[in-house]
Amino acid sequence: MPFNSVFSHIIKKRIPRINRFSEDPISCQKENLKFLLTTAAYTTFGKQYDYNHIHSVKSFQAKVPLSNYDSLKPYIERQLLGEVNVLWPGKTSWFAKSSGTSSNKEKLLPITVDSLYENHYAGGKDLLALYYQNFPNRKLYNAKHLIIGGSTQIQSMSNDTSIGDLSAFIVENLPWWTEIRRTPKREIALMNNWEEKLDKMAYATINENICIIAGLPSWTSILMKKILTITGKTNIHEVWPNLELYIHGGMNFSPYEKTFNTLFPDPKMNYVEAYNSSEGYFGLQDQVNSKNLLLLSDSHVFYEFIPMEDYDGLQSKTVLSLEEIELNKEYALVISTSAGLWRYIIGDTIKFVEDSPYRFQVTGRTTQFINAFGEKLLMIHAEKAIAKAANECKAAIKDYTVAPFYNEQKGNGGHEWAISFDRQPEDISEFQQQIDNELKQLNGDYFGKRAHDINMIAPKIRVVEPDVFDSWLKSKNKLGGQHKVPRLSEERSFIEEILDLSISLQSNSYI
């Protein structure tokens, strides 16, 4: 049966819809808001905020308060107990575990049938449709798709609710025609023990015909290196000659490019970024020669944006709709979705770089920045600087974090970078200088505060053990899946833990 021809024909039928929301996103956003409000009008939340009498964006913003996990938690707890019609019509039976990037506090985020199929699955299908359009005559359905997802099996509760990683629910509910092309098998894909899982994934897939890989760059690189060790090959194309697409998201890819260029040296290899999380699927890379992300404006999500200069959490006064945004300005992202997240501050910051259609870049987190000396360092600055330094110094980054340090005697300080390398630069001082120079170019506030080494002195680079970040995640029971280390922090507790752990690992290696 010509599966690939059928798949190609079906997936390309999504293109007219994609063209519509790309060309007329404002109308799509208004329709999405109307759908969300109408559908949820008779829920507990909808009645509380009088959804039946909201007929405009401004009315919605006036009646419904901004929310975060803590403010919605009482409603989510009622859903967990089996109550129906709370945040979204009917019974919400699925809850995705999400601990965020740096928080130790576990969140249980609702997933509904509508949000799973019309947002998460829809985003994935849109990505493949655009890939087929950008690269005609693909044969992706003739080979296997390696999905490196979460590591938590679905936990069934007594009241017919279930808790697990988002990826577990995605895998568990895939249609048969998708499931037959996914690898590894479910019993491996949903294993809890990430170290054992990596080993089993490697052995289960080395003899498969893989054409797509999807997963976080950090965990994907670890799996790829394990496969090369097992097979004795020099690069992944020798293992999987038909591999052509890597789908990534969840963290900036730039610092990992050197590593992946070594793993996937074939110039025909394609990289596509997706912006998806437990809260929803919001954007994807739709152009071959641009990394900017297309906003998915017709996927059961209504977007709002808080200018970061006015950001004050739930007390923020200035909240804009899509037609009000300005290009090249940083915003905190606010979402309302068919999962029942209402005016929810997701914690990510984005910057629109195009408005016809709306394309954006993810710039960081509302809680991850450093402004210890008035330098206003954002995650996007750090990502670009370390990527530039790695490229100039022929280094390959494995992981890193940054925090301020202080010289109490002189009353100044700077930034300390703890970095684990796959390939170290020959000259750490040159690497440090490259980071410093690039930050001066990217960030006027950093440039000003670094002037004459008065307010800020040069950054410190601390090379830590290659496995230290993985060991830290394991110690916090966060190893694998979508868990990530915090990149930037204004206080030093995390970097101190990393530095101490690195010393411990180094000492143990000599025993």
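What follows is calculated from the coordinates using simple rules that are stated; it is not laboratory data. Since the structure is predicted, the reported quantities are computational estimates derived from the model, not experimental observations. As a convention, Cβ positions derive from the backbone with ideal geometry for all residues, glycine included, and neighbour counts pool all protein chains shown.
If R₀ is 41 angstrom, what is the calculated FRET efficiency for the pair Arg423 and Lys73, using the beta carbon separation as r and rounding to 0.05? Here the calculated transfer efficiency is 0.40.
The charge dipole of the chain, taken about the Cα centre with unit charges on the Cβ atoms of Lys, Arg (+1) and Asp, Glu (-1), comes to about 1100 debye, rounded to the nearest 20.
For the stretch 182-291, the fraction of C-alpha pairs farther apart than 16 angstrom is 61 percent.
Panel order for Tyr271, Tyr303, Tyr75, by other beta carbons found within 10 Å of each beta carbon, from fewest to most: Tyr271, Tyr75, Tyr303. The alpha carbons of the stretch 128-184 occupy a box of 48, 20, 19 Å along the principal axes, longest dimension given first.
Counting only lysines at least 8 places from Lys388 when in the same chain, those with an alpha carbon closer than 22 Å to its own are Lys258, Lys291, Lys351, Lys376, Lys398, Lys440, Lys449, Lys460, Lys484. Quick note on the stretch 401-511: its Rg to Rh ratio, both from C-alpha atoms and Rh being the Kirkwood radius, is 1.00. With N the number of residues in the stretch 336-490, Rg(Cα) / (2.2 N^0.38 Å) evaluates to 1.15. Ranked by how many other Cβ atoms sit within 10 Å of their own Cβ, fewest first, the residues Asp298, Asp70 fall in the order Asp70, Asp298. Based on alpha-carbon atoms, the Kirkwood radius and the radius of gyration of the stretch 302-341 give Rg/Rh equal to 0.98.
At 0.36 nm per residue, and after removing the present C-alpha to C-alpha distance, how many nm does the segment from Thr367 to Trp176 gain when stretched out fully? Before the final figure, lay out the partial values.
Values: separation 191, 0.36 × 191 = 68.76 nm, distance 4.03 nm.
Going from the current span to full extension adds 64.7 nm.
Place +1 on the Cβ of every Lys and Arg and -1 on the Cβ of every Asp and Glu in the chain, take the dipole about the Cα centre, and give the residue among His300, Ser56, Pro184 whose Cα lies farthest towards its positive end. Most positive-ward Cα: Pro184.
Quick check for me: using +1 on Lys/Arg Cβ and -1 on Asp/Glu Cβ, what's the dipole size of the stretch 1-66 about its Cα centre, in debye to the nearest 20?
Numbers: 10 positive and 4 negative charges, 23 e Å.
For this selection, approximately 120 debye.
Net charge dipole, the stretch 115-277: roughly 460 debye, given to the nearest 20, about the Cα centre with Cβ charges of +1 for Lys and Arg and -1 for Asp and Glu. Overall size of the stretch 134-235 from C-alpha positions, given as principal axis extents largest first: 50, 34, 21 Å. Bridge orientation summary for the chain: considering DSSP beta bridges with both residues in this region, about 70 percent are antiparallel. Expressed in units of 2.2 N^0.38 Å, where N is the residue count, the Cα radius of gyration of the stretch 236-296 is 1.21. Of the residues Ala395, Gln361, Asn407, the one whose Cα sits farthest toward the positive end of the charge dipole of the stretch 355-413, with +1 on the Cβ of Lys and Arg and -1 on the Cβ of Asp and Glu, is Ala395.
Using a Förster radius of 25 Å, what is the FRET efficiency between Ser27 and Val113 based on their Cβ-Cβ separation? Nearest 0.05, please.
On the way: r = 26 Å, r/R0 = 1.03.
For R0 = 25 Å, the calculated efficiency reads 0.45.
Residues within the reach of a label modelled at Ser356 (point 7 angstrom out along Cα to beta-carbon, backbone nitrogen below 12 Å), restricted to the stretch 281-311: there are none. Pairs of Lys residues in the stretch 1-80, spaced 8 or more positions apart or belonging to different chains, with C-alpha separations under 28 angstrom: 17 in total. For the pair Glu323 and Ser507, what calculated FRET efficiency results from E = 1/(1 + (r/R0)^6), where r is the Cβ-Cβ distance and R0 = 45 Å, to the nearest 0.05? That pair, Ser507 with Glu323, gives E of 0.20. Distance between the 7 Å Cα→Cβ label points at Glu83 and Ser471: 4.6 nm.
Placing dummy labels 7 Å off each Cα toward the beta-carbon, the span from Asp312 to Gln133 is 4.2 nm.
In the chain, taking the dipole from charged Cβ atoms about the Cα centre, the farthest positive-side position among Tyr275, Ile206, Leu320 is held by Ile206. Note on the chain: percent of Cα-Cα distances in each 20 Å bin, starting at 0 and stopping at the bin with the largest distance, equals 21, 56, 22, 0.
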